[in-house]
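To start, the structure under review is shown below, and the notes come after it.
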Ligand code: GRG
């Protein structure tokens, strides 16, 4: 098996910062309840692209203050990791492999996996109130709780489960993908920008960029399930068709899906066209997402 290609250097810098911040946030494995802390660390610190955390830092960079966004970046990654644990459970996607290793419930059992997922989510919100001053923390708690709730990840996941085995419309599938993935991308960028003291116009542009990139990312995720290499993606392929899931390639074909993803990457780039070279990391990220193989 060929090992996955190295990440582009523009991303590695951000990945290292995020991994370091996350490592410091989660309690040590030898602190009780040891099995929950072990499961949290196992999921959160496993190899990841860290795209959501990177979005928060890059958005803050555009506003000239990356330092302030480490909390928002960590929160986006904590919420993402919490959702992956739930998504892999037998009652949802029933996936045994995640980030190139056995899924959390496979290794720790379902009870510990559920506790670890809630603990990661809880830690996300506690981090916001610990790291940021009251006014900003309240704004960010609202932003991220809307992102997780029935107008975000939970809503998207619920409709995704309902849509199994159905021929659904383009509009409904895009909505599911936007809720499952786009809203967290958008919240990560918005959260990073707000933490860095962005103007409303900057927040608007960065959030539009991330929303479009998130939808492109999810369409490409569907494509990788059809044509990806498990050694690179760290998860099984062909699972969506086995589970008769509503996906872009299954409903609209590989070509149309690739074309839609390209359009969305172009829309993401257009949303940040007014920024100068300070937005180059975001431009590189959009290009990376557009041609990613993992
Ligand atoms: C209560 C937090 C919470 C969620 C409940 C389970 C659920 C609702 C939502 C799941 C949403 C989900 C799993 C969307 C898929 C997103 C996706 C494309 C995952 C893969 O992301 P990558 O490729 O993963 O960025 P890495 O491993 O690189 O971080």
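A short reminder: the numbers here are calculations on the coordinates, not readings from a lab. Because the structure is predicted, anything quoted here is derived from the model rather than measured. All Cβ positions, glycine included, derive from the backbone under ideal geometry; neighbour counts span all protein chains shown.
Structural remarks
- For segment 1-137, diffusion coefficient by Stokes-Einstein and Kirkwood Rh (Cα), 10 °C, 1.306 mPa s, µm²/s: 102
- Gain upon complete extension [residue 167, residue 110; 0.36 nm per residue less C-alpha separation]: 17.4 nm
- Secondary-structure-derived ellipticity at 222 nm for the chain, considering helices only, amounts to -21500 deg cm²/dmol, per-run term -39500 (n - 2.57) for DSSP H runs with n ≥ 4.
- Alpha-carbon centroid distance for the pair segment 97-138 / segment 215-294, whole angstrom: 25
- Computed on the chain, with alpha-carbon pairs under 8 angstrom and 6+ residues apart, the relative contact order is 21 percent.
- Shown for segment 127-262 is the translational diffusion coefficient from the Stokes-Einstein equation, using the Kirkwood radius over Cα pairs, a temperature of 4 °C and a viscosity of 1.567 mPa s: 81 µm²/s.
- Theoretical gain in end-to-end length, residue 150 to residue 256 [0.36 nm per residue, Cα-Cα removed]: 35.3 nm
- Sorted by Cβ neighbour density within 10 Å, fewest at the top, the residues 254, 43: 254, 43
- Here the calculated FRET efficiency for residue 31 and residue 204, from their Cβ-Cβ distance with R0 = 45 Å, stands at 0.60, rounded to the nearest 0.05.
- Protection proxy ranking of 181-189, 256-264, 214-222, 201-209 - average other beta-carbon atoms within 10 Å, highest first: 181-189, 214-222, 201-209, 256-264
- Scaled against 2.2 N^0.38 Å for its residue count N, the alpha carbon radius of gyration of segment 9-291 is 0.95.
- Rounded FRET efficiency, nearest 0.05, which uses the C-beta distance separating residue 45 from residue 13 and R0 of 25 Å: 0.90
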